[in-house]
Each structure stands twice: as C-alpha cells, then as structure tokens.
Amino acid sequence: IGLDADSTALAEAKANLAPLECKKNFLLGNFRNLTSLLNPIGVTQINVVLFDLGLSSEQLAESERGFSFQLDGSLKMTFGRETNDDLTAEEVVNSWDEENLVTIMKSYGEERFAKPIARAMVTVRKLKPIHTSFDLVNAIREGVPIWYQKRRLHFATKTFQAIRLTVNDEVRALREGLEGAWQALAPKGRLAVISFHSLEAKQVKIFFKEKEKAGEGRQTPRHAVKPTRAEVISNPRSRSATLRFLIKS
C-alpha cells in the first residue's frame, strides 16, 4: 500500500513497482487520514508501516512548487497538487502579521533571526507583494547580517522549512498519522519512521517513548539509526536522516 499527498509521486511509484507481482494499492491523501484511506480498500489491520518524512528530490527540483530557495517559482509549498483552496506560502508571507511570522520561524525553524526576518518581510511586502521563491529569499536577506549569509547552511533554509511546515500543518499531521498507524498496526507489527530534521525527530521520539511507557511497544534497536559515512558520501541528502523502529506488543 503506497500513500502520498502528491499524485505525481504516486504515479512514479506505480510505474517503478509495476514489475512486482504482488497486489498493490496506491492511495492519494495525507497520512493523517490513514484510517479513512484504508477503509475503502477493506484493510483494517497492517503489519508494517514506514513513514518517510522527507521531501523528494523531484519536489525540490520543480520550481513551480516553491519548496526550494535555489529555484525561482511560485510560492505554493503544498504537498498536494489537486486542491486550490489550501493555505499557501504566498498567503503566509503576505498576509500573516509580524508576530505570527516570528512564532512559526522560532517554533518550526529554530531561526535565531526570526524577528528581523519577519520585520523585513512586512516591510518588503508593503512595497511589493512577495510572489516568488526569490522574492522571499531577498526579503529574508534583508533581515539577516552579512556573516549569516556566508555560512555553509543557506540563510533561507530555516525560514523555508518553517513556512513549509506551517502550510502543510506537518507537526499535527505527523502526530495524527502516527496515532492512526498505531491503531491499525497488528500485534508484533513494526512502525518505522525516517525523519530529516530535529522537530520531526523530537515528535517521533516522544510518541515512541509514550508507547513504551504505556507498555504498548518497544523500540528496537534502542537508539536511532543514522546513515553511514559511505551512504552520506554517495547520497549527501541522507546526512540528516534518522530512522527509528517501534514494535507493537
């Protein structure tokens, strides 16, 4: 069973898995709605669940999605393609007040310059709306010192992350998805999660500890699995990946 909010990702998965002879189901939707998505295909219990919380290279490469600060495109940042009424990054940066912008950058991006960046956004949008990825990057640049712009980590990384997490309500969606998966998981079933930044990793860690404390499951191995040096060299984007397993009692 493959589940994704991105119809293109599902289509690619369908093509890649076509040679396999097993029965396959491809479901379009957010994993926070896991239970309701499984019901129509008659599945009430599952044995293994894998959450991959990362953005795909294909999504980053599509300028029109607005996920990347390295490509100029419309500021959408939504995982789904089909709906037009979802909250977008453009709406956030052009209509949210300074206080709310500071809050999401601190909470979801751990951005140390959240206040001056938010102030810069508000100032810039008064002169001209922030429509594209590069418009946003330029606004962020106005709010950070020169030395911050010259670091190895791009100065817009944390702000883009914070806005993307906000647009897709990713923190609450993750919690709801984990709960739904746990309810559907069969005894002795395995829940595995690959996270890519500290906020996601923290949410997963808390959920796993809660289930262990309640006697409902156990982590194995006890510690998170990190990519090897060889893997990071061959796939640099894996460097921040963290894999955790939880087995249901």
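Mean residue ellipticity at 222 nm from the helices of the chain, using -39,500 (n - 2.57) per DSSP H segment of n ≥ 4 over the full residue count, to the nearest 500 deg cm²/dmol?
Numbers: 12 runs with 116 residues, N = 249.
Result for the chain: -13500 deg cm²/dmol, rounded to the nearest 500.
Rank these residues by their accessible area, most exposed first, probe 1.4 Å: Asp97, Asp135. Spell out each step's value before the answer.
Working: Asp97 75, Asp135 45 Å².
If we order Asp97, Asp135 from most to least accessible, we get Asp97, Asp135.
Using a Cα distance threshold of under 16 Å, what count of lysine pairs results for region 143-225 when pairs must be 8 or more residues apart or interchain?
Numbers: Lys150/Lys158; Lys188/Lys211; Lys202/Lys211; Lys205/Lys213.
So the count works out to 4.
In the chain, if the dipole is taken from +1 on Lys/Arg beta carbons and -1 on Asp/Glu beta carbons about the Cα centre, which of Ser56, Ile247, Trp96 is farthest to the positive end?
My answer, from the dipole projection, is Ile247.
Which percentage, to the nearest 5, of the DSSP beta bridges contained in the chain is antiparallel? Don't skip to the answer; put the middle values down first.
On the way: 11 of 20 bridges.
Of those bridges, close to 55 percent are antiparallel.
Using modelled backbone amide H atoms (1.01 Å from N, in-plane), which distant-in-sequence or interchain residues come within less than 5 Å of Gly217's amide H?
Those qualifying (amide H under 5 Å, at least 5 residues apart or on another chain) are Glu212, Ser249.
Here are several values of Rg/Rh (Cα atoms, Kirkwood Rh): (i) 0.99; (ii) 0.94; (iii) 1.08. Which one was derived from the coordinates shown?
After the calculation, the listed value that fits is (i).
Just the number, please: carbon plus sulfur as a percent of the accessible area of the chain, 1.4 Å probe, no ligands or DNA/RNA counted.
Details: 7240 of 13910 Å².
Of all accessible area on the chain, carbon and sulfur atoms account for 52 percent.
Pick from Ala192, Ala15, Ala120: which residue has the top mean-square fluctuation in a GNM of the chain where Cα pairs under 10 Å get a spring?
Ala15
Dipole of region 86-141, Cα-centred, from +1 at each Lys and Arg C-beta and -1 at each Asp and Glu C-beta, to the nearest 20 debye? Kindly include the intermediate steps, with their values, before the conclusion.
Values: 8 positive and 9 negative charges, 73 e Å.
Dipole about the Cα centre, nearest 20: 360 debye.
Could you tell me which GluC sites (Glu not before Pro) in region 35-137 are loop residues by DSSP with no more than 10 other beta carbons within 10 angstrom of their beta carbon?
Of the GluC sites (Glu not before Pro), the ones in loops of region 35-137 whose Cβ has at most 10 other Cβ atoms within 10 Å are Glu82.
In debye, nearest 20, what is the charge dipole magnitude of region 1-67 about its Cα centre with +1 on Lys and Arg Cβ and -1 on Asp and Glu Cβ, if you could check?
Numbers: 5 positive and 8 negative charges, 65 e Å.
Here the size comes out at about 320 debye.
Could you state the accessible area per residue of the chain in Å², with a 1.4 Å probe and every protein chain left in place? Walk me through the numbers before you get to the answer.
On the way: 13910 Å² over 249 residues.
I get 56 Å² per residue for the chain.
Just Leu174, Leu50, Leu101 to compare: in a GNM of the chain, with alpha carbon springs under 10 Å, which one fluctuates most?
Leu50
Reported to two decimal places, what Rg/Rh ratio describes region 1-141 when computed on Cα atoms with Rh from the Kirkwood expression?
1.07
Ordering Val232, Val93 by accessible area with a probe of 1.4 Å, largest first, what comes out? Could the numbers behind the result be given before it?
Details: Val232 45, Val93 0 Å².
Largest to smallest exposure gives the sequence Val232, Val93.
Which longest run of the chain has no exposed loop site in it, a site being trypsin sites (Lys or Arg not before Pro) in a DSSP loop with at most 16 other beta carbons within 10 Å, and the site itself not part of the run?
Values: sites that count: Lys23, Lys24, Arg81, Arg112, Lys150, Arg151, Arg152, Arg222, Arg239.
It runs 153-221.
Magnitude of the Cβ-charge dipole of the chain, K/R +1 and D/E -1, about the Cα centre, nearest 20 debye? Kindly include the intermediate steps, with their values, before the conclusion.
Working: 37 positive and 30 negative charges, 261 e Å.
Dipole of the chain, to the nearest 20 debye: 1260 debye.
The values are calculated or read from the model by the stated rules, or taken from the named source; none is laboratory data. In this text, all values refer to a predicted model and were calculated from it rather than measured experimentally. In this analysis, Cβ positions are derived from the backbone assuming ideal geometry, glycine residues included, and neighbour counts consider all displayed protein chains. The area values use the complete protein model at the heavy-atom level, side chains included, leaving out ligands, DNA and RNA. Shrake-Rupley method; radii C 1.70, N 1.55, O 1.52, S 1.80 Å.
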